[in-house]
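Here is the structure we will look at, set down as structure tokens.
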Amino acid sequence: MSDTQKKRLLEEFQSYLEHAGLDQMPNVQPDLNTLLGEMAGLKAEVKAESRHFKSTLDALSDALTAVQADNKALSDELAAHGAHLQQQRSEVLRAVLLDIVDIYDRLTVGFGMLQKYHPVASLFSHSKKQDVDFIATFKEGQTMTLRRFEQLLQRYRVYPIECVGKMLDPHTMSAVEIANNATLDNGVVLEELRKGFLFEDQVLRLAEVKVNKL
């Protein structure tokens, strides 16, 4: 094909494009009823989706409320169980400490008698040296044992109740004997007959005392 022919074909194609404009395109008019119908359908779908979304949110809210209620019930149950275990532990510990205090009392009484005991000189005038050493060693052993018991009680926060010279306190003391001392006020504790103890600021055992009565 020559250049002249190519040029002529391009001119004819350009002329066709110039004369075949939008007026040659099919004229499509929008259908208002169809448009309104589609909008109504879309609106209905949006409403349905909104109702579904709200229903889902309500279900999630109810589930969350149920989970929170279950968690609270579980927490309350665990707290009550923990408190019950703590109470049982405290009761068992108090019982054990009372037994320890009772043993401590017996050792204290025995040690007091041992301290006050003085053998008759005539009976021991010919005693061997090991007999005298044995008594001294026994006293020393008793002293160490009592100290160990006192340390054990202190470790568990058990402390003796101070009584002598103080006014009778019915919350920590029990008056089992009375005496008369005109030089002291009425109700003053004259003597401690059995030692009392506090455990964690509560009475483990009442002190038994002799009280002055005018």
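Descriptive notes on the structure:
- Scanning region 112-127 for any residue that is more than 41 Å from the chain's Cα centre (by Cα), modelled with pLDDT under 85, within 30 Å of Gln202 (Cβ to Cβ) and outside the structural domain of Phe199 (by TED's automatic domain parsing) turns up at least one such residue.
- Subset of region 177-214 that is in contact with a Cys (Cβ under 8 Å, 6 or more places away or on another chain) and in a strand (DSSP E or B) - its residue that is surrounded by the most Cβ atoms within 10 Å (Cβ to Cβ): Val209
- Taken across region 178-200, residues that are touching a residue at least 24 places away in the same chain (Cβ under 8 Å), charged (D, E, K, R) and on the phi > 0 side of the Ramachandran plot do occur, with at least one present.
The values are calculated or read from the model by the stated rules, or taken from the named source; none is laboratory data. Just so it is clear, the structure is predicted and the values come from calculations on it, not from any experiment. Note that each Cβ is placed from the backbone with ideal geometry, even for glycine, and that neighbours are counted across all protein chains shown.
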